[in-house]
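The values are calculated or read from the model by the stated rules, or taken from the named source; none is laboratory data. What you see is a predicted model, and the numbers here were worked out from it, not measured in a lab. Neighbour counts run over all protein chains shown; Cβ positions are idealised from the backbone, glycine included. Side chains included, ligands, DNA and RNA excluded: accessible areas come from the protein's heavy atoms. Shrake-Rupley method; radii C 1.70, N 1.55, O 1.52, S 1.80 Å.
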Amino acid sequence: KEIKTLKKPPTFINVADNTLLWSTMVVGPMVDLLQGKRPTAVLSASNKQVVTRLTPTQKMLFWATNAPFWILAYALATAPPDLTHHGPECSARASTALSTSVAIASSVYHAVQVLAAPNTFMQRVTLWLLFVDLLFSNAALAILFGCFGNADMVREFGVPFCVLCVAVYYKRHGSPQAYAGSHGLWHVVVAAFCWRVLYHHGVSLEEALHI
């Protein structure tokens, strides 16, 4: 079904249609607006393709890519790095709470995304869970850059950001399998990026997980 384009420039008056724009690093909705499309309509259409065209195995593998977020949260809780000199908002306890929130939000959103019935009500639920996922993930990245940001971090984030842009492209061009693969890869590389920043003293995965 063809997505209707906007007849006039989008405004922030209609909260229901533009809620996703209030998050900080929202690549997809910004692309939609530049193309004159309503972000919620585009996301609903692409989410329906994820539900209807991915096989059960593909859905499970895609959802399982949330595991790196849980590994990071567990490592921060059991083998926290020394971050006290960066301030209370950058402490290991705060990082643990935020990374756990990201893991929960992402896991719940993608579970509903791949399992929800393709009807109007469930698609609205999926969009609001996406908003929560974006809220926590963008907050985590904003705090991460605020606490430890430097030129090297910006350059290193280029790889995860490019992977995210690939996922955005495939989600909007009718390729749910390619979207699932690239967005799942985004989960892995951004969790690895966060690990590298938080454990900059070189704590290994085996040490953090007590293996």
Options Thr84, Thr78, Thr96; residue that is surrounded by fewer than 20 Cβ atoms within 10 Å (Cβ to Cβ) and touching a Pro at 6+ places or on another chain (Cβ under 8 Å): Thr96
Residue hits (region 108-119; in a helix (DSSP H, G or I) and not aromatic (Phe, Trp, Tyr)) are Val108, His110, Ala111, Val112, Gln113, Val114, Leu115
What tally of residues in region 99-135 results from selecting those that are farther than 19 Å from Ala180 by Cβ, surrounded by fewer than 21 Cβ atoms within 10 Å (Cβ to Cβ) and in contact with a Leu (Cβ under 7 Å, 6 or more places away or on another chain)? 1
Enumerate the pairs (first residue in region 92-113 and within 14 Å of Cys194 (Cα to Cα); second residue anywhere and open to solvent by 20 Å² or more (accessible area, probe 1.4 Å) and among the aliphatic types (A, V, I, L, M)) with beta-carbon separation below 6 Å, excluding pairs fewer than 6 apart on the same chain, so at least 6 apart or on different chains. Thr96/Ala77; Leu98/Ala140; Val102/Ala140
Helices (runs of 4 or more DSSP H) wholly in region 1-89 with at least 1 residues that are modelled with pLDDT under 90, farther than 22 Å from Tyr179 by Cβ and among the polar types (S, T, N, Q) - which ones? 15-18
Give the residue that is nearest to Thr40 (Cα to Cα), with candidates limited to residues of region 162-190 that are touching a residue at least 24 places away in the same chain (Cβ under 8 Å) and open to solvent by 70 Å² or more (accessible area, probe 1.4 Å). Gln177
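Which residues, counting only those in region 135-160, are aromatic (Phe, Trp, Tyr) and either touching a His at 6+ places or on another chain (Cβ under 7 Å) or touching a residue at least 40 places away in the same chain (Cβ under 8 Å) (or both)?
Result: Phe148, single match.
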